[in-house]
Amino acid sequence: MKNLRSYLAAAAILAGFTMGTSSCKEEDPFLDRDVAPLLVDIVGAPFGSPIASTPSVAYDSSMQQLTLTSRLYELDKTNILDHTKGIDSIPVANVPIKIAFNLTKSVKAETIRFNGVTYNFTPETFKTSGQLGEVSSDNDGTVTIRTTYAALGLTGNRIQRKDDIVKITWTGTHKGIAFTRTSQMSVTKN
């Protein structure tokens, strides 16, 4: 009788484990199903940004022309278990990338006194977004596009403000899988 109770307890525990593993087959709503087919490395971002969520590149507000650059790599994981070789990054050529931007800027209300005269600045919020263009990666997997602050909607005193953030999206398709990489450019005044 004692052995029968032990067998029944073991069977109940085993049934609980098998039921628990079958319930883990639900899809996780917070994770994407498709893995990005390429690694999009943002040139000029600090080290570690390829795995960071939003890499940022600083641009001086006095620059006349802005150069946005990224590199496209396909990861060869053939030797992932061999510590002497590891994962290889292979540049991918001829991948068309659409580059878009999005800027939301808010300026606070300010009152400035200068030489006995008071100047009042009213609050301002403006949004601008658009396409910068479509560029294909070269033989080294590099995607480069040149633009200006005016094309981003930043003109005159709007680029004199420090720490403006412009969000950039790099969108393409490789091997039938669509991908988007988000980065940002921060405007600094030197």
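Of the residues making up segment 145-182, those that are open to solvent by less than 50 Å² (accessible area, probe 1.4 Å), at pLDDT 90 or above and more than 16 Å from the chain's Cα centre (by Cα) are 145, 147, 174. Checking 107, 43 one by one, the residue that is surrounded by 13 or more Cβ atoms within 10 Å (Cβ to Cβ), of a type outside the set (Ser, Thr, Tyr) and modelled with pLDDT of 90 or more is 43 and no other. Against the test of being open to solvent by 80 Å² or more (accessible area, probe 1.4 Å), of a type outside the set (A, V, I, L, M, F, W, C), more than 30 Å from residue 171 (Cβ to Cβ) and modelled with pLDDT of 75 or more, the options 115, 94 yield a single qualifying residue, 115.
The values are calculated or read from the model by the stated rules, or taken from the named source; none is laboratory data. This is a predicted model, so every value here is computed, not measured. Cβ atoms come from the backbone with ideal geometry, glycine included; neighbour counts cover every protein chain shown. Note: areas computed on protein heavy atoms with side chains; ligands, DNA, RNA excluded. Shrake-Rupley method; radii C 1.70, N 1.55, O 1.52, S 1.80 Å.
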